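Enquirer: Quick one: the structure is below, and I'll ask about it shortly.
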Protein chains: 2
Amino acid sequence: MTTIPGVAPGAGAPVPTRRITPPDQVVPRKRPTIRDVAREAGVSYATVSRVLNGRDWVSPDAAQAVRAAIARTGYTANPHARSLATGRSGSIAFLLTEPQHLLFEDPNFSILLRGVAEALAQRELTLVLMIAGTPDERRRALTYLSGGHVDGVLVVSSHSGDPLLEQLVSADVPVVACGRALGHEQVISSVAADDCAGARSAVAHLIAAGRRRIATITGPLDTSGGVDRLDGYRDALRAADLPLDDLLITHGDWSRDGGAAAMRALLDVAPDVDGVFVASDLMAAGALAVLRDAGREVPGDVAVVGFDDSGLAATLDPPLATVRQPLERISDEMVRLISERVAGRAPVSVTIPTQLVVRASADLPAISARRRTGPPEPDHPNRAT
Amino acid sequence: MTTIPGVAPGAGAPVPTRRITPPDQVVPRKRPTIRDVAREAGVSYATVSRVLNGRDWVSPDAAQAVRAAIARTGYTANPHARSLATGRSGSIAFLLTEPQHLLFEDPNFSILLRGVAEALAQRELTLVLMIAGTPDERRRALTYLSGGHVDGVLVVSSHSGDPLLEQLVSADVPVVACGRALGHEQVISSVAADDCAGARSAVAHLIAAGRRRIATITGPLDTSGGVDRLDGYRDALRAADLPLDDLLITHGDWSRDGGAAAMRALLDVAPDVDGVFVASDLMAAGALAVLRDAGREVPGDVAVVGFDDSGLAATLDPPLATVRQPLERISDEMVRLISERVAGRAPVSVTIPTQLVVRASADLPAISARRRTGPPEPDHPNRAT
DNA sequence: CTGAAAGCGCTTACAG
DNA sequence: CTGAAAGCGCTTACAG
């Protein structure tokens, strides 16, 4: 909109051999302020501020003059002065507390990050990225976040015991979590997929496909995705009058390796397993590799359903049936909710429906009878990411 | 360090049924300012500012008193007031102009992002993430970045024609690029791997392995990684007195699919190719899949060397020989250079050595004679990410 | 509809 | 070594 006054960058100048540029060689070039614009427009600078913010009424003539003056001077408001006066920073933090490796292994995070970046940009809000893995980083993050640098915080990987969340809340920093904020439901807004219903649909599908020894690999039980998807698993078995067997429940940490380890354990204690609901696609990728190494055919011997459908699922071998959670929608809602919180509204939690996506890893019986070709590969390339 | 004064978050309170919280029900709770601290410590607030910034000398007694007062009041400086007074924002933008899909496909970006986040945090600088893919986003980014919100910009995916770079420079925004800033070398600091030497080592290795029809898949030729690695390829062939054949040069766009397409084209025009240097691991992943589909054995028929070693290479099948560029080091240097630029120093460019990493895809002759087992898979799982 | 003025909370020469 | 004061550039009641 506004044009930045250009200054010849001296592109053709010779390479500087000395690194220190003499300060007074450069024209000082002060940025125009609101006063400069007022003078140009022949109004008081309060009026300039008014047309800038568009709150009070300004006469068309004045507004016109101001707009012209802004264009002529290339004025842009100083964000710090504005923040000081308004008490708003105009930026929102995206806080990542998960151990770093997951951030780059699990596509969910990237997708969420991108969605949030877009949604924030649309509201003219700035995205501040904070990675707080180590205790030291977490301390620093708390100081920063409660120091007024940002208007609110988006948390995408909260575990229920995490003191950081509590501290942020105590410091009166608006927080929105992705996934129910276990233990903080009353003070933190959250947006989550309908984990329980999603899990239910996955397991119901396995049952419909004729599986009877259905296991699950859960996420960490101090996350809502962990407990709620486990609940859904149980619900579905109960609804079908199938027995609940604790041997069939193992736990992962959302990572690929965690899923692999859980699958190995499962094959050990329950070799007769014929279906697995895995609480994330990434863990399912690890589980698929283990099944293959163990010579189990998917879905012939063991049918597998994951959770997420974040892009990884469709590329696995075999393509992974999964429960789709609309991550773009989730990031949108997170941004909406944080804006609400910043504006002073009370917390709410939003739940978004999921959708079962059937793929080869859990085809219906008729189709699943087909055999895989070739021997299992010893070193499964799916480990690559 | 400083303690934030806690206020009971009312965790045990009942769920709010009305969403509007009455404003005067909450204690106003103004954050303590520098004046409050001064009063507590019995000094002028200028003195408080001095101990805060540690520039001028302050008597031990005064300093002591101020520190105690800070602890007692839980004071934290208001960042906006500070920014307004100093003219520094304390934040640096990480600008991504590459089409979004690459951001999440190419591990280089994630690694750089994480490294930069860490390095900035260590300097108490804030990382602002900007994704500017669409023209609209780019416009917005320019306004934002030249509007004084950030002290400098880190650019990780610049193409030489990009007007955004020029505009940033014209607006006097300090910029540091990853990779030589083609056409802006005099005004933009940059840090890059020694692309030319790295490429040379890769191709020299292929020659040493007995290959004679060595092709290359380059990056885009409007990026330094594109042209410099191509230069290295040519240098190595010349040094070995091998003919330069333009048929053996194809171009990719850094993406996996781009690498695959280039490899397909290569097999078409030069079916006798026996070695390929691919300018990135991700493109090499695509090329490997195509070779496999075409029934070419790697490295038996065609030896392949990539570039990056960002984590993907080792997990490919076969494991990919590649040129390692130290991305952690690169992100560190970028942050160092942007700090220098912000402090007013002139631009410099830093080049970082690379290292050839030999893996199965380009073993030496004796070893490469081994045969692969089993038929090629039709749907190669490596496409997963 | 518009000006004059206070205030947001710091930093930094400038005198002591 | 330390105070008083100006200044950073806005926003926003408060009077007109």
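Enquirer: For the stretch B:249-269, state whether one or more residues are among the aromatic types (Phe, Trp, Tyr) and touching a Pro at 6+ places or on another chain (Cβ under 8 Å). It would help to see each step written out before you state the result.
Expert: First pass over the stretch B:249-269, keeping only residues among the aromatic types (Phe, Trp, Tyr): B:254.
Then drop every residue that is not touching a Pro at 6+ places or on another chain (Cβ under 8 Å), which leaves B:254.
Yes, the stretch B:249-269 has at least one match.
Enquirer: Taking the stretch A:29-45 as the region of interest, how many residues are assigned to a helix (DSSP H, G or I) and either more than 10 Å from DNA strand D (Cβ to nearest atom) or loosely packed, with under 11 Cβ neighbours inside 10 Å (or both)? Give the derivation first.
Expert: Taking the stretch A:29-45 first, the residues assigned to a helix (DSSP H, G or I) are A:34-41, A:45.
Now drop any that are not either more than 10 Å from DNA strand D (Cβ to nearest atom) or loosely packed, with under 11 Cβ neighbours inside 10 Å (or both), which leaves A:39-41.
Selection size over the stretch A:29-45: 3.
Enquirer: Could you list, in sequence order, the residues of the stretch A:46-58 that are outside any helix (DSSP H, G or I) and either near DNA strand C (Cβ under 8 Å from one of its atoms) or at pLDDT 85 or above (or both)? Steps first, answer last, please.
Expert: Residues of the stretch A:46-58 outside any helix (DSSP H, G or I): A:54-58.
Matches in the stretch A:46-58: A:ASP56, A:TRP57, A:VAL58.
Enquirer: Can you tell me which residue within the stretch A:46-57, out of those that are crowded, with 19+ Cβ neighbours inside 10 Å and among the hydrophobic types (A, V, I, L, M, F, W, C), is nearest to DNA strand D (Cβ to nearest atom)?
Expert: A:VAL48
Enquirer: Would you pick out the residues in the stretch B:79-106 that are within 16 Å of DNA strand C (Cβ to nearest atom) and touching a helix residue (DSSP H, G or I) at 6+ places or on another chain (Cβ under 7 Å)?
Expert: Passing the criteria: B:HIS80, B:ALA81, B:SER83, B:LEU84, B:SER89, B:GLY90.
Enquirer: Something else: Hey, does the stretch B:64-75 have a residue that's under 24 Å from B:VAL150 (Cα atoms) and among the small types (Gly, Ala, Ser)?
Expert: Looking only at the stretch B:64-75, we keep the residues that are under 24 Å from B:VAL150 (Cα atoms), and these are none.
Checking the stretch B:64-75: not a single residue is under 24 Å from B:VAL150 (Cα atoms) and among the small types (Gly, Ala, Ser).
Enquirer: Please go through the stretch B:120-149 and pick out each residue that is open to solvent by less than 20 Å² (accessible area, probe 1.4 Å) and facing chain A (nearest Cβ under 8 Å).
Expert: Residues of the stretch B:120-149 that are open to solvent by less than 20 Å² (accessible area, probe 1.4 Å), as a first pass: B:120, B:126-129, B:132, B:141, B:145-147.
Correct list: B:THR126, B:LEU127, B:VAL128, B:LEU129, B:SER146, B:GLY147.
Enquirer: Test of understanding: among A:ALA93, A:ALA71, A:ALA81, which residue is hydrophobic (A, V, I, L, M, F, W, C), within 14 Å of another protein chain (Cβ to nearest Cβ) and not in a helix (DSSP H, G or I)?
Expert: Working: A:ALA71 fails: not in a helix (DSSP H, G or I); A:ALA81 fails: not in a helix (DSSP H, G or I).
Step by step, each of A:ALA93, A:ALA71, A:ALA81 is checked, and only A:ALA93 is hydrophobic (A, V, I, L, M, F, W, C), within 14 Å of another protein chain (Cβ to nearest Cβ) and not in a helix (DSSP H, G or I).
Enquirer: Please tell me if B:ALA202 is under 21 Å from B:ALA270 (Cβ atoms), in a strand (DSSP E or B), of a type in the set (A, V, I, L, M, F, W, C) and open to solvent by less than 10 Å² (accessible area, probe 1.4 Å). Give the derivation first.
Expert: Working: under 21 Å from B:ALA270 (Cβ atoms): yes; in a strand (DSSP E or B): no; of a type in the set (A, V, I, L, M, F, W, C): yes; open to solvent by less than 10 Å² (accessible area, probe 1.4 Å): yes.
No.
Enquirer: Okay, moving on. Which residue out of B:ARG88, B:ARG67, B:ARG123, B:ARG139 is over 18 Å from B:GLY152 (Cα atoms), out of contact with any strand residue (DSSP E or B) (no Cβ under 6 Å at 6 or more places or on another chain) and charged (D, E, K, R)?
Expert: Values: B:ARG88 fails: over 18 Å from B:GLY152 (Cα atoms); B:ARG123 fails: over 18 Å from B:GLY152 (Cα atoms); B:ARG139 fails: over 18 Å from B:GLY152 (Cα atoms).
The unique qualifying residue is B:ARG67.
Enquirer: Still on this structure: Filter the stretch A:152-180 for residues that are more than 18 Å from the chain's Cα centre (by Cα) and within 25 Å of A:HIS80 (Cβ to Cβ); which is nearest to the other protein chains (Cβ to nearest Cβ)?
Expert: A:ALA171
The values are calculated or read from the model by the stated rules, or taken from the named source; none is laboratory data. Worth saying up front: this structure is predicted, and the values here are computed from it rather than measured. Note that we place each Cβ from the backbone using ideal geometry, even for glycine, and neighbour counts take in every protein chain shown. Side chains are part of the model used for accessible areas, which takes the heavy atoms of the whole protein and leaves out ligands, DNA and RNA. Shrake-Rupley method; radii C 1.70, N 1.55, O 1.52, S 1.80 Å.
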